[in-house]
Amino acid sequence: MTIMRITFLGTGGGIPSISRSLPSVAVSYSGELILFDCGEGAQRQMMRAGTGFKQKLTILLTHLHGDHIFGLPGLLYTLSMLDRKHPLRIIGPRGTRGFVEAILSIRFGKMSYEVEVKEINGGIAYESKDFIVEAISASHTVESLAYRLRERDRPGRMKVDVLERLGVPRGPLWGRLQRGETIEFSGKIIRPEDVMEPPRRGRIIVYTGDTRPSDEIVEFSRGADVLIHDATFGSEFEEDAAREGHSTARQAAEIALRAGVRRLYLFHISPRYEDDQDRLLREARQIFPNAYLAEDLLSIEVPLPD
């Protein structure tokens, strides 16, 4: 099994607090590093967390509010000082290209690598042989995106009893069937569907960025293994949350419940809760017991679906 790991680099919102840096979440999987948002000091948090600066590094920005993007200049120049050679991919909503060009126009030194920028408003943001990252519009005060990282389906389990009854020896022939190839053995044509169970769905992570609760986010998150949802406020500030384009912890839990996710992580926590952070968790768990409060440098492994 290939390990899929989420590391919360920064979990606060607006301004940093004593215990929380600004929004950034790293997903390590299949030799790649996906970075959702890039709050101030993201590169130092990456060093502290031990995520490394992988050659295959993609940064996906949800929107262009400062708390989500002001770590980008420091990260870009840190990578150059480390003499990076591989291109870096940055994906985000309209305006991302202009922001990156503004950063690169301030020449503190020669950049050692190319920066590729892609602007999107939804659909497939990025894909590799092992996973796909999709985006939809989120409900915030500016153009904003939510992202879903979806592992490609895994092959079904081999029907060992059927293969043994047919006399097919373990080894290359089994491997060919698992890769979806039809084989011929002892004069018989054997198709993968004859000796394998249906494909098993891959793991799913949803990162909402800043958003009000919405039906679109519910559907986008349907059946996710991990939902990382805006929970800036407690319910006492529900009107403020709606006005400022955010969600309360209770609303995040209601989204998780409706979407049938496995785990919810409350994210983008306001500094006002610095001395009483557990109140948000208690509020969420009244609705969705499998809720957790994301903390800086928390690292979790996403298990395979049952």
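Annotations
- Choice from GLU143, GLU197, GLU116 with maximal GNM fluctuation in the chain (Cα, 10 Å cutoff): GLU197
- Most fluctuating residue given options ARG200, ARG282, ARG176, as computed from a GNM of the chain linking Cα atoms under 10 Å: ARG176
- Long-range HN-HN contacts of VAL117 with modeled amide H, under 5 Å: ILE90
- Cα-based shape type of the chain, given that a ≥ b ≥ c are square roots of the gyration tensor eigenvalues and the cut on a/c is 1.5: oblate
- Share, in percent, of DSSP beta bridges within the chain that are antiparallel, nearest 5: 55
- Karplus 3J(HN,Hα) series, Hz, for region 21-28 with 6.51 cos²θ - 1.76 cosθ + 1.60 (x for Gly, Pro): 7, 8, x, 6, 10, 9, 10, 9
- Pairwise FRET efficiency - GLU181 versus MET111, Cβ, R0 = 41 Å, nearest 0.05: 0.35
- Computed per residue of the chain from DSSP H runs no shorter than four, each worth -39500 (n - 2.57), the mean residue ellipticity at 222 nm is -7000 deg cm²/dmol.
- The trypsin sites (Lys or Arg not before Pro) found in region 108-143 that occupy coil by DSSP, while having at most 11 further C-beta atoms within 10 Å, are LYS110, LYS129.
- 5 angstrom amide H check on ILE269, placed H, neighbours 5+ away: GLY12, GLY13
- In order along region 213-219, phi translates into HN-Hα couplings of x, 8, 5, 5, 5, 4, 5 Hz, rounded to whole numbers, per the Karplus curve 6.51 cos²θ - 1.76 cosθ + 1.60 with θ = phi - 60° and x for Gly and Pro.
- About the Cα centre, charge dipole magnitude for the chain (Lys/Arg +1, Asp/Glu -1 at Cβ), debye: 1260
- The chain: most fluctuating residue of ILE120, ILE269, ILE106 per GNM, C-alpha cutoff 10 Å: ILE106
- Rounded FRET efficiency, nearest 0.05, which uses the C-beta distance separating ARG258 from ARG200 and R0 of 30 Å: 0.75
We did not get these values from a lab; they are worked out from the coordinates using the rules stated. Worth saying up front: this structure is predicted, and the values here are computed from it rather than measured. Cβ atoms come from the backbone with ideal geometry, glycine included; neighbour counts cover every protein chain shown.
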